[in-house]
1. Do any residues in region 49-71 that are at positive phi have Cβ atoms under 9 Å from those of residues that are part of a helix (DSSP H, G or I) and at pLDDT below 95, where the two are at least six apart or on different chains, and which pairs are they?
2. Quick one: how many residues across region 31-48 are without any contact (Cβ under 8 Å) to a residue 24 or more places away in the chain, hydrophobic (A, V, I, L, M, F, W, C) and assigned to a helix (DSSP H, G or I)?
3. Restricting to region 23-66, name every residue that is buried (at least 18 other Cβ atoms within 10 Å of the Cβ) and of a type in the set (Gly, Ala, Ser).
Amino acid sequence: MQLLPLLLLGPSIVSRHYRAFSWLCFIILLYFTMAVMGALRSDANIYDYLFLSLTVTIFITSMLCSRYAQRLQKGL
């Protein structure tokens, strides 16, 4: 169930629609919230911190890809 929202965006991301990357940013924010709550627990392990760093990396990458794809589509 946790992977379903990401899989729904898969075909649009493969075809490089910039709006799909923007939606991915919004969805990743939910995962980021879960990762921060997991990393701030008293019994957090290395996987919680790995999940947090992965969500941050995916968010920044998708944000930059959205910006790049939008400029490429407009011809700037």
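The values are calculated or read from the model by the stated rules, or taken from the named source; none is laboratory data. Since the structure is predicted, the reported quantities are computational estimates derived from the model, not experimental observations. Every residue, glycine among them, receives a Cβ derived from its backbone with ideal geometry; neighbour counts consider all protein chains shown.
1. As it stands, the answer is none, since no pair meets every condition given.
2. At the first step, the residues of region 31-48 found to be without any contact (Cβ under 8 Å) to a residue 24 or more places away in the chain are 33-48.
From what's left, hydrophobic (A, V, I, L, M, F, W, C): 34-37, 39-40, 44, 46.
Now drop any that are not assigned to a helix (DSSP H, G or I), which leaves 34-37, 39, 46.
Residues that pass the stated criteria total 6.
3. Within region 23-66, Ala35, Ser62, Ser66 meet the criteria.
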